[in-house]
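Here the structure comes first, spelled out in structure tokens, and everything after it is commentary.
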Amino acid sequence: MARKAKSVPGFDAFPADKAYRLLEAGPIVLVTTVDGDRPNVMTMGFHMVVQHAPPLIGCVIGPWDHSHAALTATGECVIAIPTVDMAATMVDIGNCSGGEVDKFKRFGLTVLPAQSVTAPLIGECLANLECRVADDALAGKYNLFILEVVRIWINRDRKERRTLHHNGDGTFTVDGRVIDLRERMVLWKQFQD
């Protein structure tokens, strides 16, 4: 029997199945794969850093995504980080299927060769992380792939550096001001450079 929710002074109840709206871990990203000889790109919001070394990222890519078959077949992808000036393109990429359209061509994205994987980099993005599947044990049950980042490319000349975070309801939050507390992070100095 379900317990009746009590009110909490100063708080409104929020549906538990909407937890992702409060905990979205990082910026919306674009994921590239190669399907045969054709590159594809998808928009993804469900990802998280799993550990620092080796650098592992967990991401959800399900069989409803055209990229799922390519990632499963090749074990490789690129996580590209778009900036706020790419917001409309990022949403539009997520609204169509790579099985029906060449998204690189449709959205005018520049295909750049990666060094360690077959999936391409995206020239318009702030950063590109070349990844290989390190563990797919939870892919069948939860569509969760653990990716190891094997190489990173950052576009240092890119003026726009703000990223977008999806609020889970079609709205986005844009990164803003940076607060520098490095001197207080005494236990984590090895991660500052």
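In table form, for the structure just shown:
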{"read-out": "Matching residues in the range 117-141 - criterion: being of a type in the set (D, E, K, R) and either closer than 14 Å to I57 by Cα or not in a loop (DSSP other than H, G, I, E, B) (or both)", "value": "E130, R132, D135, D136, K141"}
{"read-out": "Residues of the range 161-174 satisfying the condition of being part of a loop (DSSP other than H, G, I, E, B), surrounded by 12 or more Cβ atoms within 10 Å (Cβ to Cβ) and touching a helix residue (DSSP H, G or I) at 6+ places or on another chain (Cβ under 8 Å)", "value": "R162, T163, N167, G168"}
{"read-out": "Test: T72 is part of a loop (DSSP other than H, G, I, E, B), more than 14 Å from the chain's Cα centre (by Cα) and closer than 15 Å to P39 by Cα", "value": "no"}
{"read-out": "When residues of the range 99-108 are limited to those that are touching a helix residue (DSSP H, G or I) at 6+ places or on another chain (Cβ under 9 Å) and more than 9 Å from P39 (Cα to Cα), the one surrounded by the most Cβ atoms within 10 Å (Cβ to Cβ)", "value": "F107"}
{"read-out": "Of all residues in the range 80-98 being outside any loop (DSSP other than H, G, I, E, B) and small (G, A, S), the one that is surrounded by the most Cβ atoms within 10 Å (Cβ to Cβ)", "value": "A80"}
{"read-out": "The range 175-188 - residue that is among the aliphatic types (A, V, I, L, M) and at pLDDT 80 or above and, of those, surrounded by the fewest Cβ atoms within 10 Å (Cβ to Cβ)", "value": "I179"}
{"read-out": "Boolean, E130 is closer than 17 Å to E76 by Cβ, buried (at least 18 other Cβ atoms within 10 Å of the Cβ) and among the acidic types (D, E)", "value": "yes"}
{"read-out": "Among (1) surrounded by fewer than 22 Cβ atoms within 10 Å (Cβ to Cβ); (2) in contact with a helix residue (DSSP H, G or I) (Cβ under 6 Å, 6 or more places away or on another chain); (3) at pLDDT 95 or above; (4) within 22 Å of G170 (Cβ to Cβ), the one test that V111 misses", "value": "(4)"}
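The values are calculated or read from the model by the stated rules, or taken from the named source; none is laboratory data. Keep in mind it's a predicted model, so treat the numbers as computed, not measured. Cβ sites come from the backbone with ideal geometry, for glycine too, and all protein chains shown count toward neighbours.
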